[in-house]
């Protein structure tokens, strides 16, 4: 299925957007990338959701197909990310949201502002806690990048959070990360410092302000954003649920066929309204 592409101006940033639309689809979903990821990371999701939901993807100004349109945009802060996400939600009126990994933080900040069109959300591979494994990985990546050793940082990603990825995707990750330019490396360093500055208390009010049904999905083998670590959200959120993908790590449906099938079943079951729900609505 071919996407309709457009560039949307939001503040000083140009944002590349991809729309997968089919005439029979009534509802739509916007997907939020993880750190430095691009729209390509949602290839599987598009395949198994686009026959029921229109899909909206976008690249942040410093990455993917947005990057050529923002040659000197400077550092994109978390607040910038949230403003971009809220502007896209206002423009395209998606009824649901899916985020992955650290895209979950911007997603939470946006959802806490109660955008009117969003009725359901899924936060995948996300945790409100920085456990020892995640801290070891982040600090290791920061050390490598600050030392100018980007290739070792790329290997570190594949050896840690990407350990269960197939060889081809590890190769793609390595090639992408080892070729980051100075602007992208500055963005990575800024992002790492943002993550390390977060505390559990930063999340409590955010979680409490998210009133729509929200599903957290984590891989059972993920040591970095574990299924156990996200359960604390139940203390603060009025409507949340949890799912675990067996035999999957941090990258979930990108890792192998069984994880893809499990993720499809979980997402379709939560996001796509049943006939009875449509009649009530």
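Annotations
- Consider region 142-163 and keep the residues that are under 28 Å from residue 260 (Cα atoms) and touching a residue at least 40 places away in the same chain (Cβ under 8 Å). The one that is surrounded by the fewest Cβ atoms within 10 Å (Cβ to Cβ) is 163.
- Hey, residue 29 crowded, with 17+ Cβ neighbours inside 10 Å and at pLDDT 95 or above or not: yes
- Looking across region 88-117, the residues that are under 15 Å from residue 214 (Cβ atoms) and part of a helix (DSSP H, G or I) come down to 103, 104, 105, 106, 107, 108, 109, 110, 111.
Residues checked against (1) modelled with pLDDT of 95 or more; (2) assigned to a helix (DSSP H, G or I):
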| site | (1), (2) |
| --- | --- |
| 5 | yes, no |
| 43 | no, yes |
| 71 | no, no |
| 86 | yes, yes |
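- Pairs where the first residue, in region 173-185, is without any contact (Cβ under 8 Å) to a residue 40 or more places away in the chain and at negative phi and the second is in a helix (DSSP H, G or I) and surrounded by fewer than 16 Cβ atoms within 10 Å (Cβ to Cβ), C-beta under 8 Å, 6+ apart: 174/151; 178/151
Quick grid of which residues meet (1) surrounded by fewer than 16 Cβ atoms within 10 Å (Cβ to Cβ); (2) farther than 25 Å from residue 234 by Cβ:
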{"residue": "112", "(1), (2)": "no, no"}
{"residue": "123", "(1), (2)": "no, no"}
{"residue": "132", "(1), (2)": "yes, no"}
{"residue": "140", "(1), (2)": "no, yes"}
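- Taking region 175-194 as the range and being surrounded by fewer than 17 Cβ atoms within 10 Å (Cβ to Cβ) and over 14 Å from residue 145 (Cα atoms) as the test, the residues that pass are 175, 194.
- Set 177, 185, 206, 267: member being assigned to a helix (DSSP H, G or I), at pLDDT below 95 and over 30 Å from residue 71 (Cβ atoms): 206
- Some residue of region 75-93 being in contact with a helix residue (DSSP H, G or I) (Cβ under 9 Å, 6 or more places away or on another chain) and within 19 Å of residue 263 (Cβ to Cβ): no
- Qualifying residue in region 17-25 (condition: without any contact (Cβ under 8 Å) to a residue 24 or more places away in the chain, within 18 Å of residue 94 (Cα to Cα) and part of a loop (DSSP other than H, G, I, E, B)): yes
- Failed item, numbered, when residue 58 is tested on (1) at pLDDT 95 or above; (2) assigned to a helix (DSSP H, G or I): (2)
- Residue within region 7-23 that is out of contact with any helix residue (DSSP H, G or I) (no Cβ under 6 Å at 6 or more places or on another chain), crowded, with 22+ Cβ neighbours inside 10 Å and closer than 21 Å to residue 119 by Cα present: no
- Scanning region 119-142 for residues that are in a loop (DSSP other than H, G, I, E, B) and under 16 Å from the mean Cα position of the chain (by Cα) turns up 125, 126, 127, 128.
- Test for residue 237: is it in contact with a helix residue (DSSP H, G or I) (Cβ under 8 Å, 6 or more places away or on another chain) and either farther than 28 Å from residue 155 by Cβ or at pLDDT below 95 (or both): yes
- Residues that are under 19 Å from residue 2 (Cβ atoms) and surrounded by 20 or more Cβ atoms within 10 Å (Cβ to Cβ), drawn from region 47-65: 49, 53, 54, 55, 56, 57, 58, 59, 64
- Every test in (1) modelled with pLDDT under 95; (2) touching a strand residue (DSSP E or B) at 6+ places or on another chain (Cβ under 6 Å) is passed by residue 130 save one, and that test is (2).
- Residue tally, condition touching a helix residue (DSSP H, G or I) at 6+ places or on another chain (Cβ under 9 Å), surrounded by fewer than 17 Cβ atoms within 10 Å (Cβ to Cβ) and more than 17 Å from residue 38 (Cβ to Cβ), over region 164-174: 1
The values are calculated or read from the model by the stated rules, or taken from the named source; none is laboratory data. What you see is a predicted model; the values in this text were computed from it and never measured. Glycine also receives a Cβ, built like all others from the backbone with ideal geometry; neighbour counts cover every protein chain displayed.
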